[in-house]
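The values are calculated or read from the model by the stated rules, or taken from the named source; none is laboratory data. Just so you know, these numbers come straight off a predicted model, no measurement behind them. In this analysis, Cβ positions are derived from the backbone assuming ideal geometry, glycine residues included, and neighbour counts consider all displayed protein chains. The area values use the complete protein model at the heavy-atom level, side chains included, leaving out ligands, DNA and RNA. Shrake-Rupley method; radii C 1.70, N 1.55, O 1.52, S 1.80 Å.
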Amino acid sequence: MQTLESLLSRLIGEGLLTQATLSNLRQKDPESFSKVSLKPVMLKNELKYQFTYHFAKKTTNENLSPSETEHKLTQLLQTVFRQALLHSQEADHQVLISKKGSVTILNQKPTKAAVELAHNRKKKYLLEEGKPVPFLIELGVMNKEGKVLAKKYDKFKQINRFLEMIDDVVPYLQKDRTLNIIDFGCGKSYLTFALYHYLKEEQGFALNVIGLDLKHDVITHCNALAAALQYENLKFLHGDINEYNELDQVDMVVTLHACDTATDAALEKAVRWGADVILSVPCCQHELNTQIDNKTLGTMLQHGLIKERFAALATDSVRAQLLDLVGYKTQLLEFIDLEHTPKNILIRAVKQEGKADVQKIAESYLEFKRFLQINPYLEVVLQDKLEPIFAGLHE
């Protein structure tokens, strides 16, 4: 005859338990928990069972080893609860305990499939762990077997987050011709290589990708790596954003951590090229910090640190609205988690087919500009495109 003790011993000892819920208190206590649920979790490569205690206004958790779990469940069912539903891979087991302590166990077909253990589930990355990717191997992010190196795991996550954003804009890119893509301020070019690999190797686009940076040694290294990977249509050039004029038309402009108004210079280039997609992670937004002047915000702006952060957010908000005014649909997105870098806002703009409510956007922008008493650089360099819009507000 199956006993409660033998059932718990088998389910936990053989790792068959997938979920459990304990309910129907023997004695009601408003100060105590009314229900307990548990599930298996993997913590530091060790199997644990996570108990969740449900109180009236809160829940608490504790993680126990298999032997501790077996003891705890037995104790709870002997002294606290009269009912349990134990889900396993082979069956559902309903445990009913009478007032006199007799135990009835009803077995039914399983309703819960085998679970991936929480805290140990692999995130579904566009570039998968365990699958060797040539450029990641060459850049030292993973080894030849596809294992991501521990010290490079944050970089691996950053690359995949970036590719998620690239994947989102794929529908806005033309597939019937070669695309021109420029990465201004490419630096060590982890993300440039990722972009090239994903769009060419994974999505099948014909590409001409250029990385531009001011550091000669970086450019030399990246060109050597592109050659080693046989990325024939990826090249790196030494140059300044403001002075680059080799292409008449560009489909996508990427600018990651271009400092202060260098971001604006890249955005201006993108707008004048009529780029279908713009991806920008701004850096060191100093320009408006020296301009903002508003007595109402004095409580905030008297503190240098707060003013710096406010100015950075205001700068990126202004950039987004100005891009909307010149024909883009713009979003400000979180690029990577705050603990990895404070430069975590990405401006993503895609060229609009239909017309936005330009008048409403323009009025909102000008009101914001007057409120802060600012004159943004991006507005100045795009003045020829913006003036007709602002003039239309007075007609």
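Separation of segment 266-282 and segment 1-34 by C-alpha centroid, Å?
So the separation of the two Cα centres works out to 59 Å.
Comparing D264, D316, D176, which has the greatest mean-square fluctuation in the GNM of the chain with Cα pairs linked when under 10 Å apart?
Of D264, D316, D176, the Gaussian network model singles out D176 as fluctuating most.
Taking square-rooted eigenvalues a ≥ b ≥ c of the alpha carbon gyration tensor, is the chain rounded, prolate or oblate, where a/c under 1.5 means rounded and, failing that, a/b exceeding b/c means prolate?
Numbers: a/c = 2.97, a/b = 1.88, b/c = 1.58.
The shape class here is prolate.
Between E353 and T21, what is 0.36 nm times their sequence separation minus the Cα-Cα distance? Round to one decimal in nm.
114.2 nm
Give the accessible area for S37 in Å² (nearest 10); use a 1.4 Å probe, count only protein heavy atoms, and leave out ligands, DNA and RNA.
30
Rounded to the nearest 500, what is the chain's calculated 222 nm mean residue ellipticity when only DSSP H runs of at least 4 contribute -39500 (n - 2.57) each, over all residues?
Numbers: 12 runs with 134 residues, N = 395.
That calculation yields -10500 deg cm²/dmol at 222 nm.
Could you tell me whether segment 162-237 comes out rounded, prolate or oblate from its Cα gyration tensor? Rule is a ≥ b ≥ c as square roots of the eigenvalues, rounded for a/c under 1.5, then prolate if a/b exceeds b/c, otherwise oblate. Could the numbers behind the result be given before it?
Details: a/c = 1.99, a/b = 1.69, b/c = 1.18.
Prolate shape, in that a/c is at least 1.5 and a/b is the bigger ratio.
Averaging sequence separations of C-alpha pairs under 8 Å and six or more residues apart, then dividing by the length of segment 250-393, give the relative contact order as a whole percent.
27
What do you reckon, how do K269, K151, K157 stack up by accessible area (1.4 Å probe), largest on top?
Heavy-atom accessible area, descending, gives K151, K157, K269.
Can you find, among Q383, L126, G298, the residue sitting farthest towards the positive end of the charge dipole of the chain, where Lys and Arg contribute +1 and Asp and Glu -1 at Cβ?
Of the options given, the answer is L126.
Take the solvent-accessible surface of the protein heavy atoms, probe 1.4 Å, and return the percent of it on the chain that carbon and sulfur atoms account for.
Looking at the chain in its full context, I get 48 percent from C and S.
Between the helical axis of 4-13 and the dominant principal axis of the chain, each derived from Cα atoms, what acute angle in degrees is found, rounded to the nearest 10?
Orientation of helix 4-13: about 40 degrees from the principal axis.
With +1 on each Lys and Arg Cβ and -1 on each Asp and Glu Cβ, and nothing else charged, work out how big the dipole of the chain is about its Cα centre, in Debye to the nearest 20. Walk me through the intermediate numbers first.
Numbers: 48 positive and 51 negative charges, 458 e Å.
Roughly 2200 debye, rounded to the nearest 20.
For the chain, what is the accessible area per residue in Å² when the probe is 1.4 Å?
With the other protein chains kept in place, the chain gives 54 Å² per residue.
Around A56, under 13 Å between beta carbons, what's the net of Lys plus Arg minus Asp minus Glu among the other residues?
Taking every Cβ under 13 Å from that of A56, the sum is +2.
Gain in length, R370 to D176, computed as 0.36 nm per residue apart minus the alpha-carbon separation, to one decimal in nm?
Additional length available on full extension: 65.3 nm.
Just add up the charged neighbours of N242: K/R +1, D/E -1, any other residue whose Cβ is under 11 Å from the Cβ of N242.
-3
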